[in-house]
Amino acid sequence: MSAIDQLELLRTLHDRVLIPIEVFEEVVGKGAGLPGCAEVAQAKWLEILEVDGADPLLRTLQTTLDRGEAAALALAHRERAELVLMDERRGRAAARRLGLNVQGTLGVLVHAKRAKAIVSVEPHLRALREAGFWIADDIVRRTLEAAGETVLPD
C-alpha cells in the first residue's frame, strides 16, 4: 500500500495496525529511496513490535518463509490479529494453516471500495502495476468484478 501512497487506507480500515520490526527495517532500511519507504517511516500510528528470536513458531516459519513474512505471521499469531496483510503465496498459505485470516493488497483495495474509503479500485491497480507489481490480467479482472467495477473487454 505504501508503494502507491495508500498506506493511510490501512489506518482508515483498521483500528490497529501492527508491523514486526523485521518488516519495518526491510521497508525503511533496505528499501531506502524506494516508493513507500518514507511513508512507512513517518507513519507514527504503525505499531512496530518485536518477536522473540527464540519463539518456536518464528523459528519454524523461518524454515520456509523469509524473515519478514515469518515475523509477521508469528506476531499476528501472538497478538491474535483479526487479519494479516500478505501478498506472497507461501506466506498466505502458512497464514491459513495457522488459522489466520489473510488478505492481500488487492483485497485491501476491494475492502476500501466497499467501505467507501476509495471511489474506485482501477486507478490503484494501475498504480500498482506502474510501481512494478506484477498482477495477471485475470486477477485484475476478478478484482474489478469483486469491487463492482466494470471490466473492459480485452
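Residue count for region 113-125 under the criterion of being surrounded by 15 or more Cβ atoms within 10 Å (Cβ to Cβ) and in a helix (DSSP H, G or I): the result is 4.
Of all residues in region 8-24, those satisfying the criterion of being in contact with a strand residue (DSSP E or B) (Cβ under 8 Å, 6 or more places away or on another chain), touching a residue at least 40 places away in the same chain (Cβ under 8 Å) and among the aliphatic types (A, V, I, L, M) are LEU10, LEU18, ILE19, ILE21.
Residue-wise test of (1) in contact with a Phe, Trp or Tyr (Cβ under 9 Å, 6 or more places away or on another chain); (2) under 22 Å from PHE24 (Cα atoms).
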residue	(1), (2)
THR64	no, yes
LEU98	no, no
THR105	yes, yes
LEU109	no, yes
LYS116	no, no
ALA131	no, yes
THR143	no, no
GLY148	no, no
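Within the span defined as region 70-93, every residue fails to be outside the structural domain of ARG11 (by TED's automatic domain parsing), of a type in the set (Lys, Arg) and within 21 Å of SER2 (Cα to Cα).
Residue by residue, here is whether (1) among the hydrophobic types (A, V, I, L, M, F, W, C); (2) within 16 Å of THR105 (Cα to Cα) holds:
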| site | (1), (2) |
| --- | --- |
| ARG11 | no, yes |
| HIS14 | no, yes |
| PRO20 | no, no |
| PHE24 | yes, no |
| GLY31 | no, no |
| GLY36 | no, yes |
| GLY53 | no, no |
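Give me the residue from region 18-39 that is surrounded by 17 or more Cβ atoms within 10 Å (Cβ to Cβ) and among the aliphatic types (A, V, I, L, M) and, out of that set, nearest to GLU69 (Cα to Cα). If we take residues in region 18-39 being surrounded by 17 or more Cβ atoms within 10 Å (Cβ to Cβ) and among the aliphatic types (A, V, I, L, M), then VAL23 is nearest to GLU69 (Cα to Cα).
Tell me, please, whether a residue that is out of contact with any helix residue (DSSP H, G or I) (no Cβ under 9 Å at 6 or more places or on another chain) and either farther than 28 Å from LEU144 by Cβ or free of Cβ contacts under 8 Å to residues at least 24 places away in the same chain (or both) can be found in region 61-75. Within region 61-75, not a single residue is out of contact with any helix residue (DSSP H, G or I) (no Cβ under 9 Å at 6 or more places or on another chain) and either farther than 28 Å from LEU144 by Cβ or free of Cβ contacts under 8 Å to residues at least 24 places away in the same chain (or both). Screening the candidates LEU73, LEU65, LEU18, LEU13 for the property of being over 21 Å from ILE135 (Cα atoms) and either touching a His at 6+ places or on another chain (Cβ under 9 Å) or among the small types (Gly, Ala, Ser) (or both) yields one hit, LEU13. Being in a helix (DSSP H, G or I) and of a type in the set (A, V, I, L, M) holds for only one residue in LEU65, LEU100, LEU128, and it is LEU128. Residues in region 63-112 that are among the polar types (S, T, N, Q) and either over 14 Å from the mean Cα position of the chain (by Cα) or surrounded by fewer than 15 Cβ atoms within 10 Å (Cβ to Cβ) (or both): THR63, THR64, ASN101.
The values are calculated or read from the model by the stated rules, or taken from the named source; none is laboratory data. This is a predicted model, so every value here is computed, not measured. Glycine also receives a Cβ, built like all others from the backbone with ideal geometry; neighbour counts cover every protein chain displayed.
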